[in-house]
Amino acid sequence: MTRYADTLLADGERVVLRSRQHWLAPLLDGRYPWALFAAGLVLIILSSALGDSPARTVLGYAILVDLVGSLAWLGLVYWRWWAEDYLVTNRRVIKIEGVLNKHTADSSLEKINDAVLDQNVFGRLFNYGDLDIMTATDTAIDRYRMLDQAPRFKREMLNQKSALEQEYARPMMPSPPLRATMPTEPTPPPIAGPVARPAYAGVGGGPAPAAAQAAAPPPGPPRAALSMSPDEVTRTLASLADLRDRGAITPEEYEAKKADLLARL
């Protein structure tokens, strides 16, 4: 089953860690419906002392409304907790909340300056904590309250940030030449003395007659590109594949250059 968060991932983006609030969070958020439910149970015990009086009937309806309402409230609290999705990917940190109406907040890893983690005694005992993601201005741009496995979440986020910075710092390789440079022909030495005009040239240096032009030798075939050894072609294809994977060239350009290189073998 595809989760809602998986539909928000960009091309080449992968999920490294998935988490949500700790299971104690819905217990604390549901303290009021739990209190109403407990009050309904107490009223059931007290109503037995009223006998068959009309007051007991009225109280019974009130208890029923109290129990149904508190259970529906608890169900909504746990449903919201189950719908949460906190992700660390190789590009960003994503926070998704909401049951029917989804609220999504994401932070790019390259913009994160630090992350402040707070854990009390119970947080260290049950492995949860409050995580604040900080920007370069030391302003919290997102807060994760009672985050499950908070130390691991922070550690993985910083590891992915470091890997992304190393990827951006890697120098781009220039595209290798696809055709060998044509050798330059030596310039012929100048001919001493006046240049004799061809006998078929027209008067005043005009164009030659059509018969003389037809007698001229046809131009030679274009010079083909120099061939390459199999090792050179293999190294060049590897460089082109690396440029394609990093987005420097498109897959169509890679295939065209690959066909050109294979034709040189």
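So, in the range 228-249, how many residues would count as being assigned to a loop (DSSP other than H, G, I, E, B) and loosely packed, with under 11 Cβ neighbours inside 10 Å?
Residues in the range 228-249 being assigned to a loop (DSSP other than H, G, I, E, B) and loosely packed, with under 11 Cβ neighbours inside 10 Å: 2 in total.
Does ALA62 qualify as being closer than 30 Å to ASN90 by Cα and among the hydrophobic types (A, V, I, L, M, F, W, C)?
Answer is no for this residue.
Which of the following residues is exposed (fewer than 14 other Cβ atoms within 10 Å of the Cβ) and farther than 13 Å from GLN21 by Cβ: LEU67, LEU109, LEU100?
Of the residues listed, the single one that is exposed (fewer than 14 other Cβ atoms within 10 Å of the Cβ) and farther than 13 Å from GLN21 by Cβ is LEU100.
Okay, residues lined up against (1) within 12 Å of TYR144 (Cβ to Cβ); (2) touching a helix residue (DSSP H, G or I) at 6+ places or on another chain (Cβ under 9 Å):
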| site | (1), (2) |
| --- | --- |
| LEU67 | no, yes |
| TRP82 | no, yes |
| ALA105 | yes, no |
| PHE126 | no, yes |
| GLY129 | yes, yes |
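Quick one: in the range 26-56, which of the residues that are touching a residue at least 12 places away in the same chain (Cβ under 8 Å) and of a type in the set (Ser, Thr, Tyr) is surrounded by the most Cβ atoms within 10 Å (Cβ to Cβ)?
Once the filter is applied, the top-ranked residue is SER47.
Bear in mind that the values in this text are calculations on the coordinates, not laboratory data. The structure presented is a predicted model; accordingly, all values stated were derived computationally and were not measured. Cβ sites come from the backbone with ideal geometry, for glycine too, and all protein chains shown count toward neighbours.
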